[in-house]
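Asker: Below you'll find the structure I mean.
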Amino acid sequence: MYVCNCNGIRERDVRALAQTGKRHVADVFRCHGCTAKCGRCISDMQMVLKNEIKSSQLAAE
Ligand code: FES
């Protein structure tokens, strides 16, 4: 599923970046060599990052 339609960034891409230590939406755009355009994806992307980080922390406990 695409989380950012403007830049073609998928939810799984965001989760993968969270697993490599990326914590911010700006990191996601930077890693994809793009920037926010319409900005509608930012809150969803933050939620995906937050959930993935939380899942990783729970798995590590
Ligand atoms: S949907 Fe991500 S910048 Fe527009």
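Every read-out reported here was derived from the displayed coordinates using simple, explicitly stated rules and does not represent laboratory data. Predicted model only: the values in this text are computed from it and were never measured. Note that each Cβ is placed from the backbone with ideal geometry, even for glycine, and that neighbours are counted across all protein chains shown.
Asker: Using the count of nearby Cβ atoms within 10 Å as a rough guide to exposure, how do Cys4, Cys41 rank from fewest to most?
Answerer: Cys41, Cys4
Asker: How big is the Rg/Rh ratio for the chain, C-alpha atoms only, Rh by Kirkwood, two decimals?
Answerer: 0.97
Asker: Please list, in chain and number order, the residues 5+ apart from Val3 or on another chain whose amide H is under 5 Å from its amide H, with Hs placed from the backbone.
Answerer: The list, which skips near neighbours in sequence, is Ile9, Arg10, Glu11.
Asker: Would you mind putting 50-59, 19-28 in packing order, based on average other-beta-carbon counts within 10 Å, highest first?
Answerer: The densest-packed peptide leads the list: 19-28, 50-59.
Asker: Sticking with this structure for a sec: So which cysteines in the chain don't have a second cysteine's C-beta under 4.7 Å from them?
Answerer: Isolated Cys, the chain: Cys6, Cys31, Cys34, Cys38.
Asker: For the range 50-56, in order, what is each residue's ³J(HN,Hα) by Karplus, 6.51 cos²θ - 1.76 cosθ + 1.60 with θ = phi - 60°, in whole Hz (x at glycine and Pro)?
Answerer: My calculation for the range 50-56 gives 4, 5, 5, 4, 5, 4, 5 Hz in order.
Asker: In the chain, if the dipole is taken from +1 on Lys/Arg beta carbons and -1 on Asp/Glu beta carbons about the Cα centre, which of Val25, Ala36, Ile9 is farthest to the positive end?
Answerer: The Cα lying farthest towards the positive end belongs to Ala36.
Asker: With +1 on the Cβ of every Lys and Arg and -1 on the Cβ of every Asp and Glu, and nothing else charged, how large is the dipole of the chain about its Cα centre, in debye rounded to the nearest 20?
Answerer: That gives the chain a dipole magnitude of about 140 debye.
Asker: List the lysines whose alpha-carbon lies under 22 Å from that of Lys37, not counting same-chain residues fewer than 8 positions away?
Answerer: Filter leaves Lys22, Lys50.
Asker: FRET efficiency for Leu58 and Cys34, Cβ-Cβ distance as r, R0 = 25 Å, nearest 0.05?
Answerer: For R0 = 25 Å, the calculated efficiency reads 0.25.
Asker: Report the gain in length on full extension from Asn51 to Arg12: 0.36 nm times residue separation, minus Cα-Cα distance, nm rounded to one decimal.
Answerer: Once the chain is fully extended between Asn51 and Arg12, it gains 12.8 nm.
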